[in-house]
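Taking it in order: structure first as structure tokens, then the write-up.
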Amino acid sequence: MFIEIEDINSPDLDFYARYTEQQLRTVEDPAGGLFIAESAGVSVLALEAGYEPVSMLVERGRIDVEAGPVFEALTRLLGSGAKEALPVYVADHEVLVNLTGYALVRGLWMLFRRKPEVTVEEFCRGKKRIAVLYDVVNPVNVGAIIRNSAALGMDGVLLTHPSVDPLTRRASRVSMGTVFQIPWVRAGFEESQGLNLINILRSYGFKMTAMALTEDSTSVDSDEIRSNDKLAVVLGTEGTGLPKDVIRECDYRVMIPMFNGVDSLNVAAASAISFWELMKRKDA
């Protein structure tokens, strides 16, 4: 169902143009809020992951190129009537140019309902290798770490409550839609306080591995660490890294050997190296 939009101030575009990420998360909805996916590729992956579409916004000149693959996915996954039932807002380039990030998303946005959240216990069930993001607030880093986790064989990503929501537009876009391909969960506020999350994961059988440069840090290519049946790789925020008490409480502290006086990498780059090394197991 195509709906022509001639003014960016149209109430039909409120969710796209005037709601913040936080406001979308807290919209009253049976599933617990909304989120926006940017670009056709990310939207198709959200559909394939079972997220329910609410509406679409597309630039008039991009309907065939960008909206076409999404329409095909709607029909394939939800039946022949799904395309006709979905409100599709269409506007000219001049109307949409002021939307945040417009130049990066090639003229297509899609509004989805969130899925009900799972508990940390449910998330951890059956998993052997997980990434733990401790207060990582940069959406680019969150998106990149999730993409690395999916690509390099991790079983899932657990984020502390202050960390960026992976379904924010920028994080999901940087992840190339892998937020819809790998399990992830944000811990609750209380679970994220102090050492609570470390103790919770240890009670589920995980050995905790902090990515941190300390006097007793060992190289990330450690056979001893790899040999653990269940391993959680704990990564801190850019700049300040992990809290000292979290580093001390972890079972291992690992570092990436570096040269030329460089003592650290971007957290997303460090995650890729650590996942690659720690996933190498003798029994694999």
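The values are calculated or read from the model by the stated rules, or taken from the named source; none is laboratory data. All figures in this text were calculated on a predicted structure; none of them were measured in a lab. Cβ sites come from the backbone with ideal geometry, for glycine too, and all protein chains shown count toward neighbours. These accessible areas exclude ligands, DNA and RNA; they are computed on the full protein's heavy atoms, side chains included. Shrake-Rupley method; radii C 1.70, N 1.55, O 1.52, S 1.80 Å.
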I need a count of the residues in the range 167-180 that are open to solvent by less than 60 Å² (accessible area, probe 1.4 Å) and either hydrophobic (A, V, I, L, M, F, W, C) or closer than 16 Å to Gly236 by Cα (or both). 5
List pairs: first in the range 83-97 and over 12 Å from Ser10 (Cβ atoms), second among the hydroxyl-bearing types (Ser, Thr, Tyr) and modelled with pLDDT under 85, Cβ under 9 Å, 6+ apart or cross-chain? His93/Tyr102
For the range 19-33, check the following and say yes or no: at least one residue is of a type in the set (Gly, Ala, Ser) and modelled with pLDDT of 90 or more. yes
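So which strands (runs of 3 or more DSSP E) stay within the range 153-253 end to end and still have 3 or more residues that are within 23 Å of Glu277 (Cβ to Cβ) and in contact with a helix residue (DSSP H, G or I) (Cβ under 9 Å, 6 or more places away or on another chain)? Quick ask: steps written out before the conclusion?
On the way: elements: 156-159, 184-186, 207-211, 231-236.
Result: 156-159, 207-211, 231-236.
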Leading residue by the ranking (modelled with the highest pLDDT) among those in the range 254-269 that are outside any loop (DSSP other than H, G, I, E, B) and surrounded by fewer than 21 Cβ atoms within 10 Å (Cβ to Cβ): Ala269
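Taking the range 132-159 as the search range and keeping residues that are of a type in the set (Val, Ile, Thr) and either out of contact with any strand residue (DSSP E or B) (no Cβ under 6 Å at 6 or more places or on another chain) or farther than 20 Å from Gly205 by Cβ (or both), which one is surrounded by the fewest Cβ atoms within 10 Å (Cβ to Cβ)?
Val137
Condition check ((1) touching a Lys or Arg at 6+ places or on another chain (Cβ under 7 Å); (2) among the charged types (D, E, K, R)) across all residues:
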| residue | (1), (2) |
| --- | --- |
| Leu231 | yes, no |
| Val234 | no, no |
| Thr237 | no, no |
| Thr240 | no, no |
| Asp251 | yes, yes |
| Val254 | no, no |
| Val262 | no, no |
| Phe275 | no, no |
| Leu278 | yes, no |
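Among the strands (runs of 3 or more DSSP E) contained in the range 47-131, which hold 2 or more residues that are modelled with pLDDT of 90 or more and open to solvent by 30 Å² or more (accessible area, probe 1.4 Å)?
On the way: elements: 52-59, 88-91, 108-113.
The strands (runs of 3 or more DSSP E) meeting that bar are 52-59.
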Are any of the residues in the range 124-143 of a type in the set (S, T, N, Q) and more than 16 Å from Asn199 (Cα to Cα)? yes
Matching entry among Ala284, Ala232, Ala212 (being modelled with pLDDT under 90, buried (at least 19 other Cβ atoms within 10 Å of the Cβ) and of a type outside the set (Phe, Trp, Tyr)): Ala212
Test for Pro183: is it open to solvent by 40 Å² or more (accessible area, probe 1.4 Å) and not hydrophobic (A, V, I, L, M, F, W, C): yes
